[in-house]
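Structure record follows, encoded as structure tokens.
No lab work stands behind these numbers, since they all come straight from the coordinates. Everything quoted here is computed from the prediction, not taken from an experiment. Positions of Cβ are generated from backbone atoms using ideal geometry, with glycine treated the same way; all protein chains shown enter the neighbour counts.
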Amino acid sequence: MRVSTFSAFSQVILGMRAGQLATLRAQEQLSSGRRILRPSDDPAGAARSLLLHAERARSDRTRDALASGRTQLELAGTALQHGSELLTRARELLLQGMNGTLNDDDREVVASELDQIREQLLEDANLQVDGTFVFGGTRLERRPWEEIGSGNLRRVVYRGNEFEQKIRAGADSEIAISVAGDQVFGRPVPGPARFEGLTGASSGLTANEGSGYAYLVFHHDATDAGTLGTSGVALVDGGNGDTLLGANALTIDASAGTVQLGNGPALTIPGPGERADVVVRNEKGGELHLDFEGWSGAAFSGVVTGQGSVSLDGDTFTTLSFSETDLELSNQDLGQVVHLNAQQVRRAGSELVTFGDTTNPFDLLQGMAQDLRNEGGLDSEDLLNRLSTRLDDLDRVHDELLLGVGVLGARTARIASADTRQEDVGLELAGRISDIEDADLSAVAIDLARSQMILQVAQAAGARVIQTSLLNFLS
């Protein structure tokens, strides 16, 4: 077979080109540290590498979400811890306010601090992180706790929902990074309405509706003395200063020198000159002011009736019928409906009604401040009883808040564990990617030296072949 000069030249060029390419590829691997510089270098390895890079990107995104969620949980936990400190201080103030030695000015100071605590706690409940509200469930763009007015009262209502914000912590797991506001700031537990018992009012036949608490305001409108005038005893100022309600038996015991209203304590009738305004009280503390200056000294037994009206919203009053067992009263602004049994109502005043265990701490703090200001004129014993009720409610809402602190702490620990796990996953993926993509530098250095040597040999051999001419062949 005859080998042409062109074939020899082509083989020389191909050999030199292959050596140069091998040298260039070795130099690229050494400079980049990577074995696969383009998919054609290792198609199967490149495919595996792409899958591992995608998995690593998912892991990185998960870690970013975990970092963001951890920040939100830590800030939410800090807010709840601050709220716990505020409620602890509120409890101290309430106990201080229950001290019978305080005067009205002292109680006003305590009430003012409770107002400030309420405002601070409301700020904590409306915490924002990165422009979203933390304690609103999944309603992120709206303040979860909003203040509304009803008559001369302010109430706070929850505008969020019961769901929780969640982030992905792995392929098949999620972690909640919030708690719904109504679960930590006074988790509502529906139940029957509780009446304080101050006036003698009780629940009617139909179920009551609403949340939080309300005040039933009983007014004394007039006093019907019945046949009392036959004894020479009269009402002071026509009964305008009285607070009794309903039909009350009035007994004047001439021999004992006492007067008694209903089942209240018997009162000794004072001597002449001190009889112009004798105040006698029934079993609920309802007062009847009597003028004994014209008393004939005779015994008397009859009925004195206090006429009155009642309101739930503080604006609209309904005339009381003391035979009523299911009088419906409503406050449309707050969605509260009370059905009243008025048969045992014996006193004007403000009756506290609590709808189950549904009072949030904001309304509770406001109620505590109102009670301490005692605008209804409760006596010391009645005020103490009302504040004791508030104390029980305060302990309940504080326990709910502390439970929320524990839940957020547990979720923060879980996020930390998930982040550590994702970090380990990332390191493992990085190692697997390195095994596929990274070059063995020692082997590449040997390949570079070998390719350079082969190139030099090819160049030397080519030089000898190229020097051969047609005349040399013919000679």
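Tabulated results
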| read-out | value |
| --- | --- |
| Virtual spin-label span in nm between A47 and S68, 7 Å along Cα→Cβ | 3.5 nm |
| By average C-beta atoms within 10 angstrom, highest first, the peptides 404-412, 141-149 | 404-412, 141-149 |
| Label-zone membership for segment 372-395, site D333, 7 angstrom Cα→C-beta point, backbone N under 19 Å | 375-376 |
| Cβ-derived FRET efficiency at R0 51 Å, H82 paired with T325, nearest 0.05 | 0.60 |
| Over segment 266-325: Kirkwood hydrodynamic radius from C-alpha pairwise inverse distances, Å | 14.5 Å |
| Inter-label distance for N385 and R89, nm, one decimal - labels placed 7 Å from Cα along Cα-to-Cβ | 3.3 nm |
| Span per principal axis, largest first, for the Cα atoms of segment 194-357 (Å) | 54, 24, 24 |
| Selected from A225, S323, Y213, residue furthest toward positive end of dipole (segment 194-357; charges at beta carbon) | A225 |
| Nearest-0.05 FRET efficiency for R61 and E113, computed from C-beta distance (R0 45 Å) | 0.40 |
| Length gained when the stretch A410-R154 is fully extended (0.36 nm per residue, less Cα-Cα span) | 88.7 nm |
| Charge-dipole axis of segment 194-357 as Lys and Arg at +1 and Asp and Glu at -1 on Cβ define it, positive-most pick from T258, V338, V278 | T258 |
| For segment 330-345, 3J(HN,Hα) per residue [Karplus equation, 6.51 cos²θ - 1.76 cosθ + 1.60, θ = phi - 60°, Hz, x = Gly/Pro] | 9, 10, 5, 4, 9, x, 10, 9, 10, 9, 10, 9, 9, 5, 10, 5 |
| Counted charge near G149, where neighbours are those whose Cβ lies closer than 13 Å (Asp, Glu -1; Lys, Arg +1) | -4 |
| Contour excess over end-to-end distance, with Cα ends at V189 and R450 and 0.36 nm allotted per residue | 85.7 nm |
